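Worksheet: the structure to be examined is printed underneath.
Any read-out appearing in this document is the output of simple, stated calculations on the displayed coordinates, not a laboratory observation. Everything numeric in this text was worked out from a predicted model, so none of it was measured. Here the Cβ positions follow ideal geometry from the backbone for every residue, glycine too, while neighbour counts run over all protein chains shown.
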Amino acid sequence: MIDELRHASVDAVPALMSFFDADHICRFANEHHRQWYGRAPEDLVGLHMREFVGPEAYVARARWLDLVAAGETVAFENTVPHRDGTRREASVRYVPRMGSEGFEGFFVLVVDLAPQLHRYHRIFEATVVAFWEIDLSDMHASFVDAVGTQDPITWLRAHPEFSRDALDRCTVLDLNSRAEHMFGVTREKALATPFGHWCPPACEQHMLDNLVAYLSGKDGFEGETLMRRADGSLLPVHISTAFPRQALTRPAGTFAIMDISERVAREEALAQAHAELAHAARVATLGELTASIAHEVNQPLAAIVTNGNAAQRWLRRPIPDLGEAGEAIERMIAEGTRAAQIISRTRQLATKSASERATIACGPMVAEAVAIVERQISGLGARLRIDLAEGLPLIHVDRIQLQQVIINLLVNAAQAMAGHGSALRIIDVRAWHEDGRVVIEVSDTGPGFSDEQASQLFNAFYTTKATGMGIGLSVSRTIIEAHEGTITADSLPGGGARFRISLAPSGRQSA
Ligand code: ADP
């Protein structure tokens, strides 16, 4: 009875079930073969697997056949010829049968994926999310070639340029109508264009992180970045990628893409308002500074002119009175020195008087400054990497002033990289504790600067930008020095600039 039921069940399942021996000759086929192949199961017994799947597909299955012969159960997706003349997408499973002599053959289970695919296509088309299905096989092959025996993740981190090449190698297998609409392209045209075309430099880092997540065995990856529409305009998007759980014969990835331009526009307006406010505050300070300097310096300047005139008169006499002229010149020098003192005192006053010091934790202060300009930075195509050490000692500072300094460094870094057209735009923000000081560092992968420029960076009104004011770094230095700290700039050997702020801790316990 049990045996009878077992037999009946095998014939009743709406899936192909068969057994092939070690030479890949069919020894058993269930009833469903009649429906699928249009041939009686008994006519199929004795045929070689090549005749079931076709010569090319048989060669392509070599990998799976080797694995099952080694005693492993394998599952994959592939196409199987159907009696209606098409090749149907199917889920295939090989289960080895091991006897006392070892491998005797394997059971085959083939399930038609058409109904599932149909459902999937309906979802694929109906959703508000844009889907791109990408063929990753070329990229996969070039990656395997390049990495060789090295650790893939370490290799990728050392070769970020691989991202561009990889994207250009990916072909588009499919996209839904939402994707056509979002990117302003027809399906036909998209299928003929490499995926890299839709990925501007700003999205290379995202794709690299995506690849690292895939190689680290994660289920998926998501993040925000920019993509390019057919008309060349940039589109802020949220991308989520699900990685296939089992190895497929053809590695493919599906990217689900959501247009987040409205949200980004709102955030940008907010960030712009923030930046304008910070700028206004900076300009106001400068305006006040200039006004008070002009006022204070007016007096010594007038005295210098008066004494200069007097010296000239003493010298123009028929017999020049050198003594009087010398005294007038000495008074000019004294007034000049006084003017210089007034300027430096006023600058000190300007930073100190507005200063409201508090004992705060360094990490959140830096993180907040970063958050204010994050949008602006990514709009310039740069990516931020933040590494703030835990448990840093507290610092006694004017939070707003210090944040102004950090914001200025971040914006400068992003502008330098964008202005230079750098392919890789990364800003590293780090903070750590070293030799009893708290160090905050902002470095970039931009053009850096020459030694000659380095000596001028912190000078007021030194700028290389068409619309620059050249006071950012000068005010930054005044602020840091008012905090008994130092700020230094280096050009990095491989390109890029590095600014370091060093501050004394407040002397209290760390947060
Ligand atoms: P501004 O930004 O208005 O030019 P700053 O004082 O902030 O004024 O900067 C002065 C100059 O220093 C810049 O114009 C630029 O030439 C140079 N500079 C600042 N930051 C960087 C950087 N990260 N990489 C290269 N050059 C920089």
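List every DSSP H helix in the chain whose Cα atoms extend 30 Å or more along the helix's own long axis and whose mean Kyte-Doolittle hydropathy is at least 0.0. If you can, show how the numbers build up before the last one.
Values: long enough: 261-316 (75 Å, -0.10); 322-353 (45 Å, -0.30); 399-420 (31 Å, 0.60).
Long hydrophobic helices here: 399-420.
Let me know the Kirkwood hydrodynamic radius for the chain, please, with Cα pairs as the basis and the value in Å to one decimal.
Values: mean 1/r = 0.0342 Å⁻¹.
The Cα-based Kirkwood calculation yields 29.3 Å.
Taking K and R as +1 and D and E as -1, what net charge do the other residues with C-beta under 15 Å from the C-beta of D165 add up to? Don't skip to the end; give the middle numbers.
Details: positive: R164, R169; negative: D138, D145, E161, D168, E204.
Taking every Cβ under 15 Å from that of D165, the sum is -3.
Please give the net charge around V366, taking every other residue with its beta carbon less than 14 angstrom from that of V366, where Lys and Arg add +1 and Asp and Glu add -1. Walk me through the numbers on the way to the answer.
Working: positive: R385, R399, R430, R500; negative: E368, E374, D387, E390, D428, E441.
Residues near V366 contribute -2 overall.
Let me have the relative contact order for the range 1-156, percent, based on Cα pairs under 8 Å that are six or more residues apart.
Result for the range 1-156 is 18 percent.
Which residue, L226, W36, V129, has the largest displacement toward the positive end of the dipole of the chain when charges sit on each Cβ (Lys, Arg +1; Asp, Glu -1)?
Toward the positive end, the furthest listed residue is L226.
What is the extension gain from Y120 to E188, computed as 0.36 nm multiplied by their sequence separation minus the C-alpha to C-alpha distance, in nm to one decimal? Spell out each step's value before the answer.
Values: separation 68, 0.36 × 68 = 24.48 nm, distance 2.05 nm.
So the extension gain works out to 22.4 nm.
With an 8 Å cut-off on Cα pairs and a minimum separation of 6 or more residues, tell me the relative contact order of the chain in percent. Display every interim value, and only then the final one.
On the way: 844 pairs, mean separation 41.5, N = 511.
For the chain, the relative contact order is 8 percent.
Apply the Karplus parameterisation 6.51 cos²θ - 1.76 cosθ + 1.60, with θ equal to phi minus 60°, to every residue of the range 178-195 and state each ³J(HN,Hα) to the nearest whole Hz, in sequence, with x for glycine and proline.
For the range 178-195, the Karplus curve yields 4, 5, 4, 5, 4, 9, x, 9, 8, 4, 4, 5, 5, 5, 8, 10, x, 4 Hz.
What is the sum of charges, Lys and Arg at +1 and Asp and Glu at -1, for the other residues whose Cβ falls under 14 Å from the Cβ of F449?
Numbers: positive: K465, R498; negative: D444, D451, E452, D490.
So the surrounding residues net to -2.
Order of 458-465, 193-200 by packing, highest average Cβ count within 10 Å first?
Working: 458-465: 13.9, 193-200: 18.8.
Answer by packing, highest mean first, reads 193-200, 458-465.
Students often check this: by mean Cβ neighbours within 10 Å, which of 321-329, 114-122 ranks highest, and how do the rest follow?
On the way: 321-329: 14.6, 114-122: 11.0.
Taking the mean over residues of other Cβ atoms within 10 Å, the ranking is 321-329, 114-122.
Given Cα pairs under 8 Å that are at least 6 residues apart, what percent is the relative contact order of the range 22-79?
On the way: 38 pairs, mean separation 15.3, N = 58.
That works out to 26 percent.
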